[in-house]
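Peer 1: To start, I am sharing the structure in question, which I have written as structure tokens.
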Amino acid sequence: MFTSALLEEALKRKRLVKQMREQLIHNLRVTYARLWVRIKGSNREPEWIAAELVIPILTLSAYVYLYKMLNAPSEYAGFVIIGGTMIAFWVNVLWNMSAQFYWEKETGTLEAYLVAPISRMAILLGMALGGIVNTTLRAIVILVAGTIIFQAPLIVNEPFTALLLFFLTIIALYALGMLFASLFMLYGREAWHTASLLQEPVYFLSGSYFPVKMLPFFVQLVASLIPLTFGLDGIRRVVILGAGIADIWLDIIALVIFIAVLLPLAKFALNYMENLGKKEGRLTLRWQ
Amino acid sequence: MLHYCVETKDLVRIFKSKNEVVKALDKVSISIGEGEIFGLLGPNGAGKTTFIKILTTLLLPTSGEAYVGGFDVVKESDKVRKIISLVSGGETPGYGILSVRENLWFFSQLYGLSSSVAKEEIRRLMADLDFEEYAGTRMSKLSTGYRQRLNLARGLLSKPKILFLDEPTLGLDVLTAKNLREYIVDWAKRERKGTVLLTTHYMAEADEMCDRVAIIDRGRILACDSPFKLKENLEENVIVKMEVSSVRADFSFIDDLGGVVGYSQTRSIQTDTTTLKVMVHDESILSKITSKIEGQKLKILSVNKAEPTLEDVYISLVGRGFEEEEAG
């Protein structure tokens, strides 16, 4: 009697593990498929790639020439190039990540996701990873082109620290994108306007093209709510000033906190907004 | 105990906005058996899409119960999603920048198909739905008819037990619509023994495809039976079609006549005529109608007795045709 109950319990557990494994594999497939769509879609239109490469280079060129005109130290060119490179990720997070569910809703594909037996986080993760791959390739081109054109001096004493900072910044940024995507899911035109509204202030507050320390204390406080501010600060110090992990540990901790808060918050927001949408009937309501 | 594939009990859905409260579904109770093709017929705004959205877990009901495959659509939505598929007419069936084959592969992944199984299934469905030659074409370049084939293929990829079709032939030409209807009936009856819940406002579509039809208007089910039985109930009435010489003909006087079950009118600007379809209990009322029309100095071009259709069933229940209902 006792052994049969134990056997039954073991079988039940085995079934559950099998089910969970199958579910995990299924959701990984979904993540890969969504990543594949993003990469395929983004690289099919050459005009798009050109715009994503040329516009950031033009913007950072303007700042580099401005600093040169003001006789700023040569490191400033490096600051601007790193800023321009990282800003490519912010633009991608904002337009291709945050506003994505809004577009999916308008085109009708969101409905297909919501009816399918999948984790919505798997879709968001696929979108984020696809965006990271695409933008990293573009960012490398911007970085290399900027460094060669303006002969910016880079001193990398700890390449692994630089890479760690880069990945933490990217994860934190895309976690923020996942949160925005969830929040924008129910909204119509407001999503579009909100994305526009967030673009320039983040350029300004994160110190993409100038040091944040020049800003008043209160503005710096607001800037500290943006993961890009810490990422940029840390990467610049490691890549341009030759700093090591001992100098930038505060940036690393800040980014880890951002990730730890933003990822669960994105999952919560996604569930909350989906349920709210189902309750209010706005989940698949278009052209609001 | 009889097992139903889809079952709803007193399903109510209310939409509230700042200015109004709309009861989109009002105590809808329906049972659909396995392998059945069930049609929900009604004009635009009748509550068809709301009903299908609740059953496909896209919308929560305000009250009442709904079960799909025996699972509660609210509490067991994950289980419901594993056995259903939704095809909506007039929808974009995927990403415009991807080809037909790529789109289908992507959607196959949402249902956990391995790539090799997916590829084989995609090839088969494209061949069955006769659009293999467009496999490499970008979705954005497809015509409406081929987009809808892609949409249907997308819905069938996962081999659902229950297929929900929301206006599947919306905006399609006659031949494409006919082909798709035939394919769906064939899929349900012979290949998979699948259950289909179809919403439509095309009478002929419901008549041709469905084992049973429920007529819905303003969120309420007015009748539910096989198309044959629904029409059979009208046999005691006389249905007459009259073609009248002006597009401006006014038939509002019929509202005041006793013994008229209902009527509908279709106006043709091209021929400057109006076709009046009237259903009466007693043939003697027809002479009153003709004399009133002639009193308006209009010519009656033709008068024919008509066999009952599902539109007549709707007229007998609501008093008006679909077009007037949608315009109103």
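The values are calculated or read from the model by the stated rules, or taken from the named source; none is laboratory data. For clarity, every value in this text was computed on a predicted model and none was experimentally measured. A quick note on method: Cβ atoms are made from the backbone with ideal geometry, for glycine too, and the neighbour counts reach across all protein chains shown.
Peer 1: Just to be sure, is B:Gly136 touching a strand residue (DSSP E or B) at 6+ places or on another chain (Cβ under 6 Å), over 30 Å from B:Asp10 (Cα atoms), of a type outside the set (Ser, Thr, Tyr) and not in a helix (DSSP H, G or I)? Explain how you work it out, then say what you get.
Peer 2: On the way: touching a strand residue (DSSP E or B) at 6+ places or on another chain (Cβ under 6 Å): yes; over 30 Å from B:Asp10 (Cα atoms): yes; of a type outside the set (Ser, Thr, Tyr): yes; not in a helix (DSSP H, G or I): yes.
So B:Gly136 fits the description; yes.
Peer 1: Condition first: out of contact with any Ser or Thr (no Cβ under 8 Å at 6 or more places or on another chain), within 14 Å of chain B (Cβ to nearest Cβ) and not in a helix (DSSP H, G or I). Can you find one or more residues in the range A:44-55 that meet it?
Peer 2: Within the range A:44-55 (the criterion being out of contact with any Ser or Thr (no Cβ under 8 Å at 6 or more places or on another chain), within 14 Å of chain B (Cβ to nearest Cβ) and not in a helix (DSSP H, G or I)), the answer is yes, since at least one residue qualifies.
Peer 1: Do you know which residues across the range B:157-177 are modelled with pLDDT of 90 or more and either outside the structural domain of B:Phe71 (by TED's automatic domain parsing) or under 19 Å from the mean Cα position of the chain (by Cα) (or both)?
Peer 2: B:Ile162, B:Leu163, B:Phe164, B:Leu165, B:Asp166
Peer 1: Restricting attention to the range A:75-83, does a residue exist that is away from chain B (no Cβ under 14 Å), farther than 28 Å from A:Ala266 by Cβ, in contact (Cβ under 8 Å) with a residue 24 or more places away in the chain and among the charged types (D, E, K, R)?
Peer 2: Keep residues of the range A:75-83 that are away from chain B (no Cβ under 14 Å), which gives A:75-83.
Among the residues that remain, those that are also farther than 28 Å from A:Ala266 by Cβ are: A:75-81.
Pick out the ones that are also in contact (Cβ under 8 Å) with a residue 24 or more places away in the chain and you get A:75, A:77-81.
From what is left, the residues that are among the charged types (D, E, K, R) are A:75.
Among the residues of the range A:75-83, at least one is away from chain B (no Cβ under 14 Å), farther than 28 Å from A:Ala266 by Cβ, in contact (Cβ under 8 Å) with a residue 24 or more places away in the chain and among the charged types (D, E, K, R), which makes the answer yes.
Peer 1: Checking the condition surrounded by fewer than 18 Cβ atoms within 10 Å (Cβ to Cβ), hydrophobic (A, V, I, L, M, F, W, C), under 21 Å from the mean Cα position of the chain (by Cα) and away from chain B (no Cβ under 14 Å), which residue from A:Leu255, A:Leu241, A:Leu265, A:Leu270 passes?
Peer 2: A:Leu265
Peer 1: Look at the range B:45-86 and say how many of its residues are surrounded by fewer than 17 Cβ atoms within 10 Å (Cβ to Cβ), within 12 Å of chain A (Cβ to nearest Cβ) and on the phi > 0 side of the Ramachandran plot.
Peer 2: 0
Peer 1: Sticking with this one: Within the range B:39-71, track down each residue that is over 25 Å from B:Met209 (Cβ atoms) and in contact with a strand residue (DSSP E or B) (Cβ under 7 Å, 6 or more places away or on another chain). Give the steps one after another, and end with the answer.
Peer 2: Applying the first criterion (over 25 Å from B:Met209 (Cβ atoms)) to the range B:39-71 yields B:60-65, B:71.
Passing the criteria: B:Pro61, B:Thr62, B:Ser63, B:Gly64, B:Glu65.
Peer 1: Also, I was wondering about something else. Can you tell me which of A:Leu186, A:Leu163 is free of Cβ contacts under 8 Å to residues at least 12 places away in the same chain and surrounded by fewer than 23 Cβ atoms within 10 Å (Cβ to Cβ)? Lay out the reasoning, then the answer.
Peer 2: Numbers: A:Leu186 fails: free of Cβ contacts under 8 Å to residues at least 12 places away in the same chain.
One residue alone meets the criteria, A:Leu163.
Peer 1: Another question about this same structure. Considering (1) surrounded by 10 or more Cβ atoms within 10 Å (Cβ to Cβ); (2) at pLDDT below 90; (3) not aliphatic (A, V, I, L, M), say which one A:Arg13 fails and leave the rest.
Peer 2: Result: A:Arg13 fails condition (2) only.
Peer 1: In the range A:18-43, how many are facing chain B (nearest Cβ under 7 Å) and either surrounded by 20 or more Cβ atoms within 10 Å (Cβ to Cβ) or within 18 Å of B:Ser158 (Cβ to Cβ) (or both)?
Peer 2: As a first pass, look at the range A:18-43 and keep what is facing chain B (nearest Cβ under 7 Å): A:26, A:29-30, A:33, A:37, A:40-41.
From the residues that got through so far, the ones that are either surrounded by 20 or more Cβ atoms within 10 Å (Cβ to Cβ) or within 18 Å of B:Ser158 (Cβ to Cβ) (or both) too are A:26, A:29-30, A:33, A:37.
Selection size over the range A:18-43: 5.
Peer 1: Can you tell which of B:Val80, B:Val87, B:Val22, B:Val12 is closer than 23 Å to A:Glu104 by Cα and part of a strand (DSSP E or B)?
Peer 2: Numbers: B:Val80 fails: part of a strand (DSSP E or B); B:Val22 fails: closer than 23 Å to A:Glu104 by Cα; B:Val12 fails: closer than 23 Å to A:Glu104 by Cα.
Going through B:Val80, B:Val87, B:Val22, B:Val12 in turn, the sole match is B:Val87.
Peer 1: Same structure, new question: Starting from the range B:108-128, take each residue that is more than 9 Å from every other protein chain (Cβ to nearest Cβ) and under 24 Å from A:Ala122 (Cα atoms) and list its partners that are part of a helix (DSSP H, G or I) and aliphatic (A, V, I, L, M), counting only C-beta distances under 7 angstrom and pairs at least six apart or across chains.
Peer 2: Correct list of pairs: B:Ile122/B:Leu104.
Peer 1: A follow-up question, please. Give the range A:147-206 a look and list any residue that's acidic (Asp, Glu) and in a helix (DSSP H, G or I), or say none. Walk me through it before giving the result.
Peer 2: So in the range A:147-206, the residues acidic (Asp, Glu) come out as A:158, A:190, A:200.
Those that are acidic (Asp, Glu) and in a helix (DSSP H, G or I): A:Glu190, A:Glu200.
Peer 1: Within 24 Å of A:Leu183 (Cα to Cα), more than 19 Å from the chain's Cα centre (by Cα) and either touching a residue at least 60 places away in the same chain (Cβ under 8 Å) or away from every other protein chain (no Cβ under 14 Å) (or both): does that describe A:Glu106?
Peer 2: yes
Peer 1: Now for a separate question. Would you confirm whether any residue within the range A:216-226 is touching a Leu at 6+ places or on another chain (Cβ under 7 Å), in a helix (DSSP H, G or I) and surrounded by 16 or more Cβ atoms within 10 Å (Cβ to Cβ)?
Peer 2: Taking every residue of the range A:216-226 in turn, at least one turns out to be touching a Leu at 6+ places or on another chain (Cβ under 7 Å), in a helix (DSSP H, G or I) and surrounded by 16 or more Cβ atoms within 10 Å (Cβ to Cβ).
Peer 1: When both residues are 6+ apart or on different chains and their Cβ atoms are under 6 Å apart, which pairs have a first residue that lies in the range B:149-176 and is without any contact (Cβ under 8 Å) to a residue 12 or more places away in the chain and of a type in the set (A, V, I, L, M, F, W, C), and a second that is surrounded by fewer than 23 Cβ atoms within 10 Å (Cβ to Cβ) and part of a strand (DSSP E or B)?
Peer 2: Correct list of pairs: empty, since none qualify.
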